[in-house]
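Please treat every number below as a calculation from the coordinates, not as lab data. Just so you know, these numbers come straight off a predicted model, no measurement behind them. In this analysis, Cβ positions are derived from the backbone assuming ideal geometry, glycine residues included, and neighbour counts consider all displayed protein chains.
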Amino acid sequence: MAHPILFLKKNEDQRLKRGHLWVFSNEVDTNKSPLDQFAPGDLVQIHSIDGKALGTAYINPQTLVCARLLSRKANLKCGVNFFKERLSAALALREKCFSKPYYRLVFGESDGLPGLVIDRFGDVLSVQITTAGMEVRKAALLDALVELFAPQAIILKNDNSQRQLEGLSLESETAYGSLPEKLVIEENNTLFSIDILDGQKTGWFYDHRNSRALAASMANNLRVLDLFCYAGGWSIPAAKAGASEVIGVDASESAVALAQSNAQLNGVADNCQFIRSDVFEYLKQARLDNQQFDLIILDPPALIKRKKDFKQGYEAYRRLNHLALQVLAKNGILVSASCSFHLSRDNLHEILRSSGRHIDRHLTFFASGGQGPDHPIDPAIPETEYLKTFFCSVSPSL
């Protein structure tokens, strides 16, 4: 049986034709296809105004992005075989890039699975479903994951604001198997104990893997400050690489405890110190105390979650970078990152330029980074490229 049709207004098919997968509610011809006839998660055919089929999508009539394309075929069947095919393609790419099973297995639209993120932690899969369309197909997805990976456990990590917008429950759960008492992953030859159920996002941030390796390669004999350190993803490789002292700062008590246990796990607890503090307050006090660090990593959470928060978020990034530069030692290195999609690379570039000039420093970029290969970017979908990192050499003014 054919899926019901969602008609687009005139010229509103252009984004899909260029390769994007989203349809916004104001692009729908609601005279021809009233949105209230659809239930959240229904499969629909997308048609342009002239009746040409553009593909199969799932729909949520109650959200701004009301439809997300799953296929350019008009009557896709979206069962276990569909998921096995897409998951196998995603796995093939990761296995080309990584020799061990620690990576982001699925990155939403880039892997043809909008509304789905899966992180692989060895035999444990941490799954984030963020749309009603994916939630409705959860049973088929789980069957495909069990068949392909035979995992020890599958965790549904549901505590995110996107699910709230889609009218979905926020309770995380173990959907399959059971979690081991202690879950340890490996990144850049470093071991990390992670907490999926109570940790941030999926439990770990694989996206900075390459930049962390580069930062660690420069850390020998340096005094390192890791701001928003979470579980020690930047700190501990730096300590292992021979940093003379590493201080990690995070406002979360559980993050600090996790970072401390990971320092012990890697045998570097003696030259690591993790402090629970608001980062802004820590930096202000460090400046008053004339503290100086040779390498500072500034990797905050997304400070601009929505477009309307841009002005306030931009100012927060500016203040953070400004404060960090004031406690950077002569000829020091600042690694400054942003995971906010709404803060562009050019925005962060300008923040660093103006901050350097404001305190009369000669600041240059000698390397830059972005998300690792397990977070592939779809060139037609700007939203899939969110992470930007600048490695800055900072010396006295010329």
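DSSP beta bridges in the chain, what fraction antiparallel, as a percent rounded to 5? Here the share of antiparallel DSSP bridges comes out near 65 percent. Based on the convex hull around the alpha carbon atoms, segment 80-181 presents an average projected area of 6.2 nm².
What Kirkwood Rh does segment 274-314 have if only Cα atoms enter the pairwise 1/r average? Answer in Å.
Numbers: mean 1/r = 0.0804 Å⁻¹.
Computed over Cα pairs of segment 274-314, the Kirkwood hydrodynamic radius comes out at 12.4 Å.
Backbone phi angles across segment 298-307, fed through the Karplus curve with coefficients 6.51, -1.76 and 1.60 (θ = phi - 60°), yield HN-Hα couplings of 10, 10, x, x, 5, 8, 10, 7, 10, 3 Hz in residue order; Gly and Pro are listed as x.
Given the rule -39500 (n - 2.57) for each run of at least 4 DSSP H residues, summed and divided by the residues of the chain, what is its mean residue ellipticity at 222 nm, to the nearest 500 deg cm²/dmol? Each step should come with its number before you reach the end.
Working: 11 runs with 113 residues, N = 398.
Here the helix-only value at 222 nm equals -8500 deg cm²/dmol.
Among 335-345, 193-203, the peptide with the highest mean count of other Cβ atoms within 10 Å heads the list, and the full ranking is 335-345, 193-203. Across the chain, Cα pairs under 8 Å and at least six residues apart give a relative contact order of 11 percent.
Within 10 Å of each residue's Cβ, count the other Cβ atoms and sort TRP234, TRP204, TRP22 from fewest upward. Numbers along the way, then the final one.
Values: TRP234 27, TRP204 23, TRP22 18.
Sorted ascending by nearby Cβ count, the order is TRP22, TRP204, TRP234.
The GluC sites (Glu not before Pro) of segment 23-103 include none that meets both conditions, a loop assignment by DSSP and at most 15 other Cβ atoms within 10 Å of the site Cβ. Pairs exceeding 27 Å between alpha-carbon atoms, taken from LYS84/LYS157; LYS73/LYS201; LYS9/LYS73; LYS84/LYS305; LYS77/LYS305: LYS73/LYS201; LYS84/LYS305; LYS77/LYS305. Summing +1 for each Lys or Arg and -1 for each Asp or Glu, what net charge is found among the other residues whose Cβ lies under 12 Å from the Cβ of LEU35? Local charge sum for LEU35: -3.
Which value results for Rg/Rh of segment 241-343 when Rg is the Cα radius of gyration and Rh the Kirkwood radius based on the inverse mean 1/r? Intermediate results must be reported in sequence, preceding the final value.
On the way: Rg = 14.8 Å, Rh = 14.9 Å.
Rg divided by Rh gives 0.99.
Out of the DSSP beta bridges found with both residues in segment 163-296, what percent are antiparallel (nearest 5)?
Numbers: 5 of 17 bridges.
Antiparallel bridges: around 30 percent, rounded to the nearest 5.
Taking Cα centre as origin and charging only the Cβ of basic (Lys, Arg, +1) and acidic (Asp, Glu, -1) residues, the dipole magnitude of segment 221-281 rounds to 220 debye.
Restricted to Cα atoms, segment 9-58 shows a radius of gyration and a Dmax of 10.4, 28 angstrom.
Explain nothing, just the number: dipole magnitude of the chain about its Cα centre with +1 on each Lys and Arg Cβ and -1 on each Asp and Glu Cβ, in debye rounded to the nearest 20. Kindly include the intermediate steps, with their values, before the conclusion.
On the way: 44 positive and 45 negative charges, 238 e Å.
It comes to approximately 1140 debye.
The residues packed around THR63, meaning those with a beta-carbon under 12 Å from its beta-carbon, carry a net charge of +1 if Lys and Arg are +1 and Asp and Glu are -1. Segment 12-63 and segment 235-294 have Cα centres spaced 49 Å apart. What do you get for the angle between helix 345-358 and the principal long axis of the chain? Use alpha-carbon atoms, 0 to 90 degrees, nearest ten. Around 20 degrees separate the two axes. Near the amide H of CYS66, within less than 5 Å, lie the amide hydrogens of VAL23, PHE24, SER25, all on another chain or at least 5 residues away, with H placed in the peptide plane. Each listed q (0.13, 0.15 Å⁻¹) maps to a log10 I(q)/I(0) for segment 316-398 from the Debye sum over equal C-alpha point scatterers, namely -0.43, -0.55.
Taking Rh as the Kirkwood radius computed over C-alpha pairs, what is the Stokes-Einstein D of segment 147-291 at 10 °C in a medium of viscosity 1.306 mPa s, expressed in µm² per second? Kindly include the intermediate steps, with their values, before the conclusion.
Values: Rh = 16.6 Å.
Rounded, D is 96 µm²/s.
Within segment 39-142, which trypsin sites (Lys or Arg not before Pro) sit in a loop by DSSP and count at most 16 neighbouring Cβ atoms inside 10 Å?
On the way: sites: LYS52, ARG68, ARG72, LYS73, LYS77, LYS84, ARG86, ARG94, LYS96, ARG104, ARG120, ARG137, LYS138; in loops: LYS52, ARG72, LYS73, LYS77, ARG137.
In loop regions of segment 39-142 (DSSP not H, G, I, E or B), the sparsely surrounded trypsin sites (Lys or Arg not before Pro) are LYS52, ARG72, LYS73, LYS77.
Only Lys, Arg, Asp and Glu carry charge here, each on its Cβ (+1 for the first two, -1 for the last two); on that basis segment 184-396 has a dipole of about 760 debye about its Cα centre.
Within 14 Å, Cβ to Cβ, of ASP13, how many net charges do the neighbouring residues add up to if Lys/Arg are +1 and Asp/Glu are -1? Mind showing how you got there, number by number?
Details: positive: LYS9, LYS10, ARG15, LYS17, ARG18, LYS32, LYS52, ARG72; negative: GLU12, GLU27, ASP29, ASP50.
Its environment carries a net charge of +4.
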